[in-house]
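One structure below.
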Amino acid sequence: DSGIWEKHLNLSVALMVEKALQSRGAQVVMTRREDVDLTTADRPSALTKKRQDMQNRIALAREHQVDMVLSIHMNEYRARSESGPQVFYREGCDSGRLLAGCLQESLIASLQPRRERAAMAGDYFILQLDVPSALVECGFISNAAEEKLLLTEEYQTELGEAIAQGVA
């Protein structure tokens, strides 16, 4: 409804997560701090661009030998009544399942969403690393009330703290 792009909300929340994790003593490697992608080709096709961006994010994680990967997103669905945060992990990855479960529990406890979702297995490219990895859908931008919350710095800070607490 607001017209804001998901990528802008993702970055805002990711920066809040970074701040909350650093306050707990974590070292954080961010893939971006501004509205840029990680492609190198001048004019790749949309599919090639997305794939290259994801491959470069994975390469960055490997280069820094990270202990875990968090990928921050906003959800969207045709049914505008859908709401609540949801965390995904790679099928068959026990450490990812444990991380996702802790994140999901923390998001529910901290945010008390109307709909309490469970962490679920998913087939996402960014979750293919051999470290605990989770994709966090912070809420539904297709739900007007939830989008309104997601747009506020206060709620983004709450999300950052909840995600950091789940990691802890």
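The values are calculated or read from the model by the stated rules, or taken from the named source; none is laboratory data. The shown structure was predicted, so the numbers you read here are calculated from the model rather than taken from an experiment. We place every Cβ from the backbone using ideal geometry, glycine too, and count neighbours over all the protein chains shown. Areas reflect the complete protein model, heavy atoms only, side chains present, ligands, DNA and RNA absent. Shrake-Rupley method; radii C 1.70, N 1.55, O 1.52, S 1.80 Å.
Tell me, please, whether a residue that is polar (S, T, N, Q), under 22 Å from V69 (Cα atoms), open to solvent by 10 Å² or more (accessible area, probe 1.4 Å) and out of contact with any Leu (no Cβ under 6 Å at 6 or more places or on another chain) can be found in segment 143-151. No, segment 143-151 contains no residue that is polar (S, T, N, Q), under 22 Å from V69 (Cα atoms), open to solvent by 10 Å² or more (accessible area, probe 1.4 Å) and out of contact with any Leu (no Cβ under 6 Å at 6 or more places or on another chain). The condition (being under 20 Å from A61 (Cβ atoms) and either among the hydroxyl-bearing types (S, T, Y) or touching a residue at least 60 places away in the same chain (Cβ under 8 Å) (or both)) is satisfied by just one residue among L99, L127: L99.
Can you say whether E34 is modelled with pLDDT under 95, assigned to a loop (DSSP other than H, G, I, E, B) and open to solvent by less than 90 Å² (accessible area, probe 1.4 Å), as far as the supplied structure shows? No: the conditions fail for E34. Can you tell me how many residues within segment 48-81 are hydrophobic (A, V, I, L, M, F, W, C), at pLDDT below 90 and not in a helix (DSSP H, G or I)? Summing the residues that are hydrophobic (A, V, I, L, M, F, W, C), at pLDDT below 90 and not in a helix (DSSP H, G or I) in segment 48-81 gives 1.
Would you point out the residue of segment 102-125, among those that are at pLDDT 95 or above and within 13 Å of L70 (Cα to Cα), that is surrounded by the most Cβ atoms within 10 Å (Cβ to Cβ)? If we take residues in segment 102-125 being at pLDDT 95 or above and within 13 Å of L70 (Cα to Cα), then L103 is surrounded by the most Cβ atoms within 10 Å (Cβ to Cβ). Just the residues that are modelled with pLDDT of 95 or more and charged (D, E, K, R), please, taken from segment 126-140. The answer is E137, and nothing else. Does V17 qualify as being hydrophobic (A, V, I, L, M, F, W, C), surrounded by fewer than 15 Cβ atoms within 10 Å (Cβ to Cβ) and modelled with pLDDT of 80 or more? For V17, the condition - hydrophobic (A, V, I, L, M, F, W, C), surrounded by fewer than 15 Cβ atoms within 10 Å (Cβ to Cβ) and modelled with pLDDT of 80 or more - is not met. Checked against (1) part of a helix (DSSP H, G or I); (2) farther than 25 Å from R32 by Cα; (3) in contact with a Ser or Thr (Cβ under 9 Å, 6 or more places away or on another chain), E105 passes all but a single condition, namely (3).
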